[in-house]
Amino acid sequence: MSRPELQAPPEIYYGDAEASKYTNNTRIQQIQADMTYRALELLNLPPGEPAFLLDIGCGSGLSGEILDEEGYVWVGVDVAPSMLEVALEREVEGDLFLQDIGQGFGFRPGSFDGAISISVLQWLLNAETSHPTSSPPHRLARFFTTLHSALRNPSRAVLQFYPTSDDQVQLITSIAQKAGFGGGVVVDYPNSKKARKVFLCLFVGDGRAASAAQQLPAALDGDGGAEGKDAKATFEKRRQRESRREKSGKQKVAKGGKDWILRKKELYRRRGKDDVPRDSKFTGRKRRAFF
Amino acid sequence: MVRLITHNLLACHAKGCTTNNYPLKFSNVKLALREADFNPDFLRGFLPRIEWDALVQASRERCSTTDLLKQLHHVLLETHIDEGSMTCPNCGHVYPISNGIPNMLLAEHEIG
Ligand SMILES: C[S@@+](CC[C@H](N)C(=O)[O-])C[C@H]1O[C@@H](n2cnc3c(N)ncnc32)[C@H](O)[C@@H]1O
Ligand SMILES: [Zn+2]
């Protein structure tokens, strides 16, 4: 089977059936979550300042759920109504917009502290119509120009995507540069066919670089699949997250745990939902997956 | 779900529509109030980005200044627009809101 972006326009490909298949696939959930954590790491937001983020191509909210969990306030845009519907059902906290990113954004200058995009940009490389304004370079130019203006100075946008060739990476980075972005590409696990991940790491201004020079963050190495290395990377990420939380002085409740469920239920009740299950001694117990 | 915080950042993005294209005007809206965690640090960071005239125009809330951040929290993060539409004051483009999701798609001739 060829890549999804070659099969049909996104809003058709991600119809009702595919939207729920995609969202309920535990392997996809895991991969999207890992990449979202990595994107947040690359965003390098200042600790202790709760940020307002844009999730580009938010889909059904697999990436947005991580943003919720990490305490960010966010806005998500996606062109597939079925994906957004699943996001609503999953009660993500972000504001959702039906929007084609190839048409550009209308957000006021400096609106967001940062942007992430997980597994989306490859869709922009494929033209949907033969109309001249809809050629991939046109759509990419509109996208990057309006994104650049929607971001604060300094800030970053981190976009993970699946290019098919170096030419595609070249095209995308050159258009992003013309739109005013600095930065470049970070390739994690470059030598692993399976774990290799491409992150476009874009800076507005100096991107709040730690050092004076605009330096790209280091890529992860190894094959990403070997237990040891993988566990280490995950551990480091978790440690960073925890220290960020400590610095922000916020006590986060572990997602999925009993306290978290009780808190969510309470929130839903307060929001006037009347079908919230009552609390019992079984609340928050691990259940066997049945799909 | 559109909260007023997001509406406060939203201008029309139709082709050539660059002046007087903000704020988008609400009509026929159905409001919903949903409680959210109070996060004073977030609000403090957001204050400089608020366009106050637009916010006052959009919220019919009377701000008694007892606790400004709490009021702002309520207006910006707990007030949702579930149904209705937003109209550009300049070109008149109507962005419909259904199920809490604004449709920002442009027709071919409106793409810049
Ligand atoms: C693989 S999904 C990723 C969704 C989400 N970021 C995640 O991590 O689960 C790709 C998403 O990109 C969206 N997409 C593709 N082209 C788009 C466009 N031109 N504008 C907005 N969204 C687009 C699709 O509708 C789909 O929801
Ligand atoms: Zn307009």
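What follows draws every value from the coordinates through simple rules; no lab data is involved. A quick note: this is a predicted structure, and the numbers were derived from the prediction, not measured. All Cβ positions, glycine included, derive from the backbone under ideal geometry; neighbour counts span all protein chains shown.
Would you please name the GluC sites (Glu not before Pro) within the stretch A:83-134 that are DSSP coil residues with at most 16 other C-beta atoms within 10 Å of their C-beta?
The qualifying sites are A:GLU91.
Along the charge dipole of the stretch A:4-226, which of A:PRO154, A:ALA17, A:ALA39 sits closest to the positive end, that is, farthest toward it, with unit charges on the beta carbon of Lys, Arg, Asp and Glu (+1, +1, -1, -1)?
With unit charges placed on the Cβ atoms, the residue in question is A:PRO154.
Excluding A:ASN24 itself, what net charge comes from residues whose Cβ is under 12 Å from its Cβ, given Lys and Arg +1 and Asp and Glu -1?
Here the count lands on +1.
Sort the following peptides by mean Cβ neighbour count (other Cβ atoms within 10 Å, averaged over residues), highest first: B:46-59, A:157-170.
Final packing ranking: A:157-170, B:46-59.
For the stretch B:14-60 and the stretch A:33-66, write down the distance between their C-alpha centroids in whole Å.
Computed from Cα coordinates, the inter-centre distance equals 22 Å.
Can you give me the distance in nm between label points at A:THR133 and A:ASP16, each placed 7 Å from the Cα along the Cα-to-Cβ direction?
That separation, rounded to one decimal, is 3.3 nm.
Which value in Å does the Kirkwood hydrodynamic radius of the stretch B:1-88 take, with 1/r averaged over all unlike C-alpha pairs and then inverted?
One decimal place: 13.8 Å for the Kirkwood radius.
Scan around A:VAL185 for amide H atoms under 5 Å from its own, H built in the peptide plane at 1.01 Å from N, and keep only partners 5 or more places away or cross-chain.
Long-range HN contacts for A:VAL185: A:CYS201.
Please provide three numbers in whole Å: the alpha-carbon extents of the stretch A:4-226 along the principal axes, with the largest listed first.
49, 42, 38
Once both axes come from the Cα atoms, what is the angle between helix B:68-77 and the longest principal axis of chain B, in degrees from 0 to 90, rounded to 10?
Helix B:68-77 sits roughly 40 degrees off the main axis of chain B.
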